Amino acid sequence: MTLRNISILNFKNIAEAALDFSGGVNCFIGDNGMGKTNLLDAVYYLSFCKSYTGIGDSGLLRHGADMMMVQGSYLRRGQDEVVSIGYKPSRRKVVKRGGKEYDRLSRHIGLLPLVMVSPADWELIRGSGEERRRFVDQIIAQGDSEYMSHLIKYARGVENRNAMLRRGLRDPLLLEAVEQPLCASAAYIHRARQAWVGEFSPIFLEYYRQISASAETVTLSYRSHLSGGTPMQEVLDRNRDRDAVLGYTSAGVHRDDVELMLDGHPMRKIGSQGQCKTYTVAMRLAQYDFLRRMNGGVTPLLLLDDIFDKLDARRVENIIGVVAGETFGQIFITDTNRTHLDHIIRRVGKDYRIFGVKEGNFSLIEEDEQ
């Protein structure tokens, strides 16, 4: 899959932009704060209908503007695809594919697979379990249309159960009516996450080995209250009295976590900056490879945002060697200078375009003439 061009209006600091992309490597060079990452976030927005940063739509609207629009033209499975997202603060967000509005946004997730590698990935290691659950859920949802539906049903069930607990309602029949669909979705979510860890781990381990070129042993360990075959209903029953006092559901798949380990110890406790960066980059590249296999050969977009900071020269060279492989298709990459960009262009050997970025404006500096 390739993104042929993008049109942007009033997205963050980008007042207006229309860019045609290379099907190979697209580089964006400029000082910090000029809009390089905002351009990548606009591409991300078209795939997931939300910002990579987690900021709500109102926070993406350029200061002083009353509406926002992002539109992209893609080549996917040999067919043209046009996706647009429009937003006005006074109205709901409108997402269209081929000019037709989606009835549910969940139907769009997975259509345009994409992986973004950024400095914010540090939170995968240092952040809470919610960060890692979001990482896992996003990958699974792009290949399993039912998964997102079960996440929504489960979250709604927990919310309803929590409301009953806060009101002091403990009628068995009322609780059963809320808990039964909640438990069914919990079982689906747990099975999917467990299967994902088993399939994803060996891919991740191989990428970590390639980047680190060391004897470090890394593992991903899935922790869940449902591990060992414990049904969700049993978890709820066991914690019923405690939950009644707390006023919320204290256990379940919404508390799942993926423990990131280095040589048998939590990465967040013993990993150096370089090791942590290597870990997160390897996880993202493994995510890319996993999505490519899962989507029947639809090659995801790869967005690399300032990824070389805190890495030694050897690991930088190894990353460049990895992304230069045939596994990776269209690449978007940002940096503050051309050193790494020129190196990647030479190693990848694909068509390329280099854009200069200044105060939300983009200018084509160089493109491959092949």
Worksheet item: Based on what the data block shows, is Gly329 in contact with a Lys or Arg (Cβ under 9 Å, 6 or more places away or on another chain), more than 16 Å from Lys277 (Cα to Cα), in a loop (DSSP other than H, G, I, E, B) and touching a residue at least 24 places away in the same chain (Cβ under 8 Å)?
Response: yes
Practice prompt. Output the residues belonging to region 348-370 that are surrounded by 14 or more Cβ atoms within 10 Å (Cβ to Cβ), within 28 Å of the chain's Cα centre (by Cα) and assigned to a strand (DSSP E or B).
Written response: Tyr352, Arg353, Ile354, Phe355, Gly356, Val357, Asn361, Phe362
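Report the residue count in region 41-65 for those that are of a type in the set (D, E, K, R) and over 13 Å from the mean Cα position of the chain (by Cα).
The number of residues fulfilling the criteria is 2.
Tally up the residues in region 249-282 that are assigned to a helix (DSSP H, G or I), β-branched (Val, Ile, Thr) and either within 23 Å of the chain's Cα centre (by Cα) or surrounded by 23 or more Cβ atoms within 10 Å (Cβ to Cβ) (or both), please. Walk me through how you get there before you give the answer.
First, pick out the residues of region 249-282 that are assigned to a helix (DSSP H, G or I): 253-255, 267-270, 273-282.
Narrowing the set further to residues that are β-branched (Val, Ile, Thr) leaves 253, 270, 278, 280-281.
Then keep just the ones that are either within 23 Å of the chain's Cα centre (by Cα) or surrounded by 23 or more Cβ atoms within 10 Å (Cβ to Cβ) (or both); that gives 253, 278, 280-281.
Number satisfying all stated conditions: 4.
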Practice prompt. Exactly one condition in (1) in a helix (DSSP H, G or I); (2) closer than 19 Å to Arg133 by Cα is not met by Arg209; state its number.
Written response: (2)
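Please work out if Ala184 is in the same structural domain as Tyr248 (by TED's automatic domain parsing), on the phi < 0 side of the Ramachandran plot and within 22 Å of the chain's Cα centre (by Cα).
Values: in the same structural domain as Tyr248 (by TED's automatic domain parsing): yes; on the phi < 0 side of the Ramachandran plot: yes; within 22 Å of the chain's Cα centre (by Cα): no.
So Ala184 does not fit the description; no.
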Fill in: Number of positions in region 58-77 that are out of contact with any helix residue (DSSP H, G or I) (no Cβ under 9 Å at 6 or more places or on another chain) and not small (Gly, Ala, Ser)
9
Discussion item. When you scan region 193-201, do you find a residue that is free of Cβ contacts under 8 Å to residues at least 12 places away in the same chain and of a type outside the set (S, T, N, Q), even just one?
Written reply: yes
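The values are calculated or read from the model by the stated rules, or taken from the named source; none is laboratory data. These numbers come from a predicted model, not from an experiment. Reconstructed Cβ throughout: ideal geometry from the backbone, glycine too, with neighbour counts over all protein chains shown.
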